[in-house]
1. Please give me the summed charge of the neighbours of THR24: other residues whose Cβ is under 15 Å from its Cβ, Lys and Arg +1, Asp and Glu -1.
2. Provide, as a two-decimal number, the C-alpha radius of gyration of the chain over 2.2 N^0.38 Å, N being how many residues it has.
3. Given the options VAL102, VAL83, VAL18, state which has the largest fluctuation in a GNM of the chain using a 10 Å cut-off (strictly under) for Cα springs.
Amino acid sequence: MLITVVDIAISFITLTIVLAPGFTVKFSSKKLNNAVGMLCVIGIVIVGVGIYISGSLTFSPYVYIPAIVQLMILGIFSFIYFVYIKRRGFTMFLNLMSVCLVCIALVVYVLYVIGSFVHYS
C-alpha cells in the first residue's frame, strides 16, 4: 500500500514539475515558447506511460532517490517562482534553468520507471 502511494506521489510531483514551465517560462521568441509547450506535452505523455507501466509490490531502496530528487527540483521551482520571478521578472537565465530542471526531472523519472519495471518483472 505504501509503495503505491509513493509511486503515485512521484508521478504527480513529476507532472507538476513538467507543467510548471508553462506558467514560469516566457521567451520573446515564439519558437522557444512552442518548444517549451512541446516539452510539457512530452512530459505529460511520459508521466502517463510511467503511471501505466510502473509499479511494484515491494518497497525498494531505489524509490528514495527519485523521490528526493523530484522534491528538490520542486523546491527549486518554488524558490524561482516566488522569489526571483515575482521580484525581478522573467530573465533568459531563469527560463533556461527552468527548462533544464524539467529535462533533469524527466530523465530521473524515466530511470525510475525503467528501474521499477525491471525490478517488478
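Any read-out appearing in this document is the output of simple, stated calculations on the displayed coordinates, not a laboratory observation. Worth saying up front: this structure is predicted, and the values here are computed from it rather than measured. As a convention, Cβ positions derive from the backbone with ideal geometry for all residues, glycine included, and neighbour counts pool all protein chains shown.
1. Around THR24, the charge tally is +4.
2. Rg over 2.2 N^0.38 Å, computed on Cα atoms: 1.12.
3. Of the options given, VAL83 has the highest mean-square fluctuation.
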